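*Asks:* Dropping the structure in here first, questions after.
The values are calculated or read from the model by the stated rules, or taken from the named source; none is laboratory data. Just so it is clear, the model here is predicted, and its values are computed rather than measured. Cβ coordinates were reconstructed from backbone atoms using ideal geometry, including for glycine residues, and neighbour counts include every protein chain displayed. Calculation scope for accessible area: heavy atoms of the full protein, side chains included, ligands and nucleic acids excluded. Shrake-Rupley method; radii C 1.70, N 1.55, O 1.52, S 1.80 Å.
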Amino acid sequence: MSFNSFGHLFRVTTWGESHGPALGATVDGCPPGVPLTPEDIQVWLDRRKPGQSKYTTQRREADEVEILSGVFEGETTGTPIQLMIRNTDQRSKDYSEIAEKFRPGHADITYWQKYGIRDYRGGGRSSARETAARVAAGGVARAALAQLAPGMSITGYMVQMGDHHIDRARFDWDQIDQNPFWVPDAQAAEDWATYLDGLRKSGESVGAAIEMTVRGAPAGLGAPIYAKLDTDLAAAMMSINAVKGTEIGDGMAAAALTGSANADEITMGPDGPVYSSNHAGGILGGISTGQDIVVRFAVKPTSSILTPRATITKSGEETTIVTKGRHDPCVGIRAVPVGEAMAACVMLDHVLLHRGQIGQNRGRIG
């Protein structure tokens, strides 16, 4: 199985399975001299780890990261950084009853059809457990961005759970870390708690939409055609487990706009161009404008539910299945720090590409 790596100059390879002894990431291309300790990475892993509330899987993993290489005396050396996270709370017996059955909505059947092998213990490589390695790599990216682009921040938050949406009029950045859903709307967080609690107790699940805003990104990141910043951001989000759609700025809603409504008009401000709106999501022609970069993705409902579903076995027999074990009633909750991590990796990659090819922006306005 190939294609376990992503990135151009800042390149990440993840490894490991859900119920193996450990998983992790090899990070290549991080510049030397970046201050980095396990604690710098752990703070981000702690946001993603399971079992932190009744609204996420009750699998208890410390998700403690170990740095095995690429760091000396608290600074990166420029060589590959090897990160490892040990699995400590596997319960493979939860999956023994489905060893011969394919779980609807999961990658079980496609993995078997393609490779002729399938790790039924939580999905193996296809499990969302793999995303812990991405978050660890994102921690390295954030540490490097703090040195190379100190004004840049990346914040993710949920904007939809099922058919429940946030009220943009109540949007409050300070609320994001104040509730278990990463929601910038205190009233929505309260309403969603009641809604999800009912679904959780009934053994159901629900989908969600996550939005990320990159603030402080300079103009000029990205390149036309095949290295567009939005192309890489979209690909990064689509690679996350259970993601079925992604968009930049207004995204699909732009199809309903007229040209005059969609155009982000430009005026000259004291410090450079000023845009009247941000329908483009901070990216034009694949290149950042200097505005906030807005990325949004949709996560499907968790397919592991207690409701019996029709399926087949590896021998082709029709049967039913109930997926036991510990699962998230809404995977969108823990997808927030994963999306942030992927955005951090992409943004650092493009900062390095820009620095290597251009150095500083060549075009002057005013």
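*Asks:* Cβ under 13 Å from THR311's Cβ, THR311 left aside: what net charge do those residues give with Lys, Arg +1 and Asp, Glu -1? Intermediate results must be reported in sequence, preceding the final value.
*Replies:* Details: positive: LYS101, ARG103, ARG309, LYS314; negative: GLU97, GLU100, ASP108, GLU317, GLU318.
Residues near THR311 contribute -1 overall.
*Asks:* Same structure again: Starting from the Cα gyration tensor of segment 92-171, take the square roots of the eigenvalues, sort them a ≥ b ≥ c, and report rounded, prolate or oblate (rounded when a/c is under 1.5, otherwise prolate if a/b is larger than b/c, else oblate). It would help to have the intermediate numbers written out before the result.
*Replies:* Details: a/c = 3.43, a/b = 1.66, b/c = 2.07.
Here segment 92-171 falls in the oblate category.
*Asks:* Still on this structure, I have one more. Positive end of the dipole of the chain, charges at C-beta (+1 Lys, Arg; -1 Asp, Glu), about the Cα centre: which of ALA62, LEU221, ILE98 has its Cα farthest in that direction?
*Replies:* ILE98
*Asks:* Nearest 10 degrees, 0 to 90: what angle lies between the long axis of helix 186-201 and the longest principal axis of the chain (Cα atoms)?
*Replies:* On a 0 to 90 degree scale, this one is about 20.
*Asks:* Arranged from highest to lowest average of other beta-carbon atoms within 10 Å per residue, in what order do the peptides 5-17, 32-44 appear?
*Replies:* Top to bottom by mean Cβ count within 10 Å: 5-17, 32-44.
*Asks:* Label points 7 Å out from Cα along the Cβ direction at ALA99 and ALA186: separation in nm?
*Replies:* Label at ALA99, label at ALA186, 5.3 nm between them.
*Asks:* When the accessible area of the chain is split by element with a 1.4 Å probe, what percent falls to carbon and sulfur? If you can, show how the numbers build up before the last one.
*Replies:* On the way: 9080 of 17210 Å².
Here it works out to 53 percent.
*Asks:* Suppose every Lys and Arg Cβ carries +1 and every Asp and Glu Cβ carries -1, with no other charges. What dipole size does the chain come out with about its Cα centre, to the nearest 20 debye?
*Replies:* Result for the chain is approximately 960 debye, rounded to the nearest 20.
*Asks:* Where the centre of each part is set by its Cα atoms, how far does segment 104-170 sit from segment 254-314, in angstrom?
*Replies:* So the separation of the two Cα centres works out to 17 Å.
*Asks:* Which of the peptides 111-119, 21-29, 246-254 is most tightly packed, and how do the rest follow, going by the mean number of other Cβ atoms within 10 Å of each residue?
*Replies:* On the way: 111-119: 13.3, 21-29: 20.3, 246-254: 17.3.
By packing density, highest mean first, the sequence is 21-29, 246-254, 111-119.
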